[in-house]
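Engineer: This is the structure, below, for whatever I ask next.
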Amino acid sequence: HDGFQIAHYAGAVSYSTKGWIDKNNDSLVPEIEAILADADRSLIADMADRSRCQSGNGGERLCSVSSKYLSNLTNLLDTLKKCSVHYIRCFNPNQERKAGLFKPKYVLDQVIQCGTVELVNIMHHGYPHRCILRDLRARFQKLLPPEFAHYSDRDFMHAVMLAWEIDDSQWTLGTSRLFLKAGQLRALEELRDIGGQASQHVIKKIRQQFAKKKLRAFAHAIELVSYLRRIMLQGKRERTYAGLRRAIRFMVRVNRWKNRALRRLVPFNGMDEEQEAIFTRKLGVGFQTMSLNLNATMLPQLFVTMGAADMPLIHAKHQKEMTSEEYDASWQAEAQESVLYFNDGVLKCAKLLGGAFAATTRTSAGAICDVRVVDCCSSGRAFAVSTAPELEKLRCICQSHENSQMFAHCERSNTIMLWRWMGATKPNQPVVAAIASFKLPAYWQVYQMCFLPANPARPGEHVLAILGRMHDCNWLAISVYTVSRGRIALNTIKNVYLNLLDEALQNEGASISHFKLSHSGRTLILAGNRLLRLYSVGLAATGMVELDDLDPQQDCEAHILGRDPHGTVTAVCALPMDPDSRSPGFLDWIWLGVSSGDMFGILLEESNGTISVATSSGRFRRNTHSQGVPIQAIVAVHEPLEGDPRSLHHSLTMRKPMMNPNAVLSISADGKLLHSERRSHQWQPVAEWQVPLSLEALRCGFAARCSALIPQVLLLADEGRQCLIAYDQRQPVNSGMSMCSFV
């Protein structure tokens with residue numbers, strides 16, 4: 001073993017110990033040392049180390065460099081222990097090592113590089129003296145009268161600092177130490193040396209201050225005890241209410257089971273009074289059990305999107321030869337739009353040809369064509385209507401507002417599937433591509449779904465809000481799920497309680513017809529029969545999506561639906577805010593149509609992170625629809641604003657069509673279409689005409705949607721005539737309308 005290694009950060013460093021003692025031994029041969037010491041001349045005798053020659057062995061004691069270093073280090077430590085240590089930092093005045101030569105720049109560089117500036121700042125702004133309270137009290141005991149002897153060490157030193165009026169910025173108290181800035185400890189030592197005493201007036205003020213401090217501590221303790229007692233009572237009350245709800249729910253189920261069993265055992269005809277009394281007797285519930293008939297009124301729905309197969313490819317050579325307007329017109333003429341129609345659990349698709357509405361085309365006949373039935377559950381293909389197999393029916397379907405190609409549906413088996421629309425081109429090619437799927441419990445009844453904004457920090461995730469309820473429950477619940485490939489996470493569950501005392505709900509039952517998101521994605525809208533709820537959508541600190549009720553003082557449900565005892569929200573349309581809006585805090589504009597024929601506008605604004613309904617919301621007073629005729633549809637116009645630098649094909653290829661914030665179309669049950677625009681921050685009607693719909697469609701329901709490819713085209717689904725209609729608002733009815741049967 002003649003060496004060792006040190007694992008250095010730059011690698012292993014090897015050291016050899018062979019001959020290390022001989023290399024570090026500066027002593028002479030002992031015989032020579034003795035001869036030098038016995039010399040007659042003093043100059044030669046002084047060259048010998050006489051301390052080594054005092055032993056009887058004639059200087060055989062070894063004195064090496066290491067032993068000298070250890071001896072000098074021991075002497076230095078003994079000296080430091082006897083002295084008060086003061087550290088002095090020295091600087092080299094010049095590089096030439098000459099006396100009387102001082103170079104300021106060279107010295108300043110040393111001061112900066114050695115951290116002296118930061119050290120001085122710490123000395124000025126920090127607390128270099130950190131003294132133990134117990135030791136300080138023993139040293140400064142005589143600075144205060146004897147009655148302060150029962151004070152704790154911390155309170156005693158606090159009283160000392162107050163008695164001698166030392167600036168609060170020069171010291172601070174810890175739990176066991178007093179922290180002083182530079183120079184303050186010397187001031188205390190001088191007070192002790194001169195034997196100073198605080199005046200009685202100052203002592204009185206200190207006692208009063210400590211008495212107030214104790215009083216505040218007592219008040220805080222009383223407040224804490226009261227708070228804990230209040231929390232305990234609140235928790236006990238909530239547990240009692242929860243137990244009562246569970247007991248009521250249990251008794252309601254037992255009562256229903258009892259009634260079902262009696263109906264099977266006892267026939268309805270021929271019951272005597274005793275049997276009827278048994279059948280109607282309540283089981284342990286002292287009040288009438290209330291229940292509501294909840295259902296989701298699935299109105300026909302129209303969706304517009306463009307898959308990858310629907311978008312044309314224009315050669316770059318021709319693109320360079322065109323202006324931006326000519327390129328948009330050429331792209332629009334060659335493109336086609338997919339129109340998806342959902343009704344009665346079946347999803348169908350059709351093509352809308354952009355070239356049929358070009359300026360050079362005289363008629364738009366054949367603009368909408370190629371109707372197929374989409375199998376989005378298993379094969380993902382689109383079949384011709386005449387040869388389509390029997391497909392599994394869907395409960396509901398929704399489209400993402402951030403990506404027009406993204407959809408989600410719920411099957412009758414409670415399977416939720418997310419998929420992307422590819423475009424219907426070839427008959428044997430899939431038109432949808434599955435993204436993810438998961439299954440909800442069997443006891444959960446799904447009514448409607450809606451996409452929510454995803455967390456920007458988590459790309460590839462989708463957030464889905466599902467409206468439903470458990471069987472035999474009288475309240476709804478909104479479940480928010482985060483869906484990605486291979487991962488499903490439940491974010492939150494928001495309960496929606498209905499007014500069980502509303503006579504209209506008791507007689508007609510609750511019906512949910514609209515469940516959608518505002519244009520900004522910050523508000524979720526839930527509407528239906530005697531129902532209108534608004535929820536703010538936000539991200540929690542954990543990154544999960546959460547739902548909160550809007551300010552309950554702004555009760556839109558009572559204000560809008562309270563005008564009609566049978567008021568029902570029949571149409572909902574969310575618009576973006578105009579970029580030229582007068583207030584930067586405005587978020588969304590929401591149009592509502594009700595069964596009485598009125599239209600309402602809800603303006604949402606954000607202030608200090610809180611979303612609320614603006615005071616300028618209210619009824620559309622210039623509405624020209626007939627009173628008492630329900631508003632069946634309110635349609636937004638997919639049209640860019642004037643001066644918008646983004647082109648039409650750019651917004652469609654980005655899968656998020658632009659929406660005009662200053663125009664809206666409303667259709668009532670008598671077929672009247674009202675075109676309203678916002679001018680000078682006021683909404684007013686500008687045109688009206690009759691839509692080409694059958695009486696049966698107006699009575700039973702229809703679907704309406706504006707095309708994103710051709711903004712002037714209004715798409716209609718007529719259930720009476722079983723056809724899709726593409727209606728060009730720029731041309732007369734005969735030449736501007738194209739029809740295609742979907743049966």
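The values are calculated or read from the model by the stated rules, or taken from the named source; none is laboratory data. For clarity, every value in this text was computed on a predicted model and none was experimentally measured. A quick note on method: Cβ atoms are made from the backbone with ideal geometry, for glycine too, and the neighbour counts reach across all protein chains shown. Calculation scope for accessible area: heavy atoms of the full protein, side chains included, ligands and nucleic acids excluded. Shrake-Rupley method; radii C 1.70, N 1.55, O 1.52, S 1.80 Å.
Engineer: Order TRP689, TRP20, most accessible first, counting only protein heavy atoms with a 1.4 angstrom probe.
Structural biologist: Largest accessible area first, the residues go TRP20, TRP689.
Engineer: Here is a further query. Computed from the mean reciprocal separation of all distinct C-alpha pairs, what Kirkwood hydrodynamic radius does segment 390-541 have, in Å?
Structural biologist: About 16.7 Å, per the Kirkwood formula over Cα pairs.
Engineer: Also: Can you list the lysines whose alpha carbon sits under 18 Å from that of LYS205, skipping same-chain ones fewer than 8 residues off?
Structural biologist: Excluding near neighbours in sequence, the set is LYS213, LYS214.
Engineer: For segment 574-631 and segment 698-732, what is the separation of their C-alpha centers, rounded to whole Å?
Structural biologist: Between the Cα centre of segment 574-631 and that of segment 698-732, the gap is 24 Å.
Engineer: Taking 7 Å along the Cα-to-C-beta vector as the label spot, tell me the SER67-ASP153 distance in nanometres, rounded to one decimal.
Structural biologist: Between SER67 and ASP153, the label points sit 4.7 nm apart.
Engineer: Once you put a point 7 Å from the Cα of LEU233 and another 7 Å from the Cα of THR79, both along the Cβ direction, what distance in nm separates them?
Structural biologist: Result for the modelled spin labels: 7.6 nm.
Engineer: R0 = 22 Å: FRET efficiency of ARG721 with GLU392, Cβ-based, nearest 0.05?
Structural biologist: Efficiency, rounded to the nearest 0.05: 0.25.
Engineer: What residues have an amide H closer than 5 Å to that of ARG395, excluding those fewer than 5 places away on the same chain, when H is modeled at 1.01 Å from N in the peptide plane?
Structural biologist: Here the answer is CYS410, GLU411, ARG412, since their amide H atoms fall under 5 Å of that of ARG395.
Engineer: Tabulate in residue order the Karplus-calculated ³J(HN,Hα) for segment 708-723, using 6.51 cos²θ - 1.76 cosθ + 1.60 with θ = phi - 60°, rounded to whole Hz; enter x for Gly and Pro.
Structural biologist: 8, 7, 10, x, 7, 9, 9, 9, 10, 10, 9, 6, x, 9, 6, 8
Engineer: Turning to a different aspect of this structure: Which of LYS351/LYS516; LYS351/LYS672; LYS516/LYS656; LYS393/LYS439; LYS81/LYS181; LYS348/LYS426 have a Cα-Cα distance over 23 Å?
Structural biologist: Result: LYS351/LYS516; LYS351/LYS672; LYS81/LYS181 exceed 23 Å.
Engineer: Straight-line reach from LYS494: which aspartates and glutamates fall under 14 Å, measuring Cα to Cα and dropping same-chain residues less than 8 apart?
Structural biologist: Cα-Cα hits under 14 Å: GLU546, ASP548, ASP549.
Engineer: Still on this structure, I have one more. Show which aspartates and glutamates lie in cross-link reach of LYS204 when reach means a straight Cα distance below 16 angstrom and same-chain residues fewer than eight apart are skipped.
Structural biologist: Here the aspartates and glutamates satisfying the reach criterion relative to LYS204 are GLU147, ASP155, GLU165.
Engineer: Run the numbers for GLU223 and GLN200: contour at 0.36 nm per residue of separation, minus the present Cα-Cα distance, in nm.
Structural biologist: That pair, GLU223 and GLN200, stretches by 4.8 nm at full extension.
Engineer: Here's a follow-up. Å³ per residue of the Cα convex hull, for segment 87-133?
Structural biologist: 96
Engineer: I've got another one for you. So if R0 is 35 Å, what FRET efficiency would ALA433 and ALA457 give, r being the distance between their Cβ atoms, rounded to the nearest 0.05?
Structural biologist: So, using R0 = 35 Å, E works out to roughly 0.90.
Engineer: Here is a follow-up. Output wanted: per-residue J couplings in Hz (rounded whole) for segment 173-190, from phi through Karplus 6.51 cos²θ - 1.76 cosθ + 1.60, θ = phi - 60°, x for Gly and Pro.
Structural biologist: Here the 3J(HN,Hα) series is 9, x, 6, 9, 9, 10, 9, 10, 7, 4, x, 6, 5, 5, 5, 5, 4, 5 Hz.
Engineer: Return the whole-Å distance between the Cα centroid of segment 474-536 and the Cα centroid of segment 353-421.
Structural biologist: Measuring centre to centre over Cα atoms gives 26 Å.
Engineer: Another question, if that's okay. Given C-alpha coordinates of segment 70-149, what is the ratio Rg to Rh with the Kirkwood estimate of Rh?
Structural biologist: Radius of gyration over Kirkwood radius for segment 70-149 works out to 1.19.
Engineer: Mind listing the long-range amide H neighbours of GLU688? Cut-off is under 5 Å, sequence gap 5 or more, other chains count too, H placed in the peptide plane at 1.01 Å from N.
Structural biologist: HIS675
Engineer: With charges only on Cβ, +1 for K and R and -1 for D and E, what is the dipole size of segment 324-391 about its Cα centre, in debye, rounded to 20?
Structural biologist: 260
Engineer: Could you order peptides 417-429, 393-405, 537-549, 108-120 by the average number of other Cβ atoms within 10 Å of their residues, highest first?
Structural biologist: Taking the mean over residues of other Cβ atoms within 10 Å, the ranking is 393-405, 417-429, 537-549, 108-120.
Engineer: While we're here: If you stretched the chain out fully between THR425 and ALA211, how much longer would it get, using 0.36 nm times the residue separation minus the C-alpha to C-alpha distance?
Structural biologist: Separation in residues times 0.36 nm, less the Cα-Cα distance, equals 68.3 nm.
Engineer: Quick one: which residues, 5+ away or cross-chain, put their amide H under 5 Å from the amide H of THR570? H built at 1.01 Å from N.
Structural biologist: GLY593, VAL594, SER595
Engineer: For the pair TYR87 and ILE166, what calculated FRET efficiency results from E = 1/(1 + (r/R0)^6), where r is the Cβ-Cβ distance and R0 = 25 Å, to the nearest 0.05?
Structural biologist: E(calc), rounded to 0.05, equals 0.45.
Engineer: Just add up the charged neighbours of LYS236: K/R +1, D/E -1, any other residue whose Cβ is under 13 Å from the Cβ of LYS236.
Structural biologist: +3
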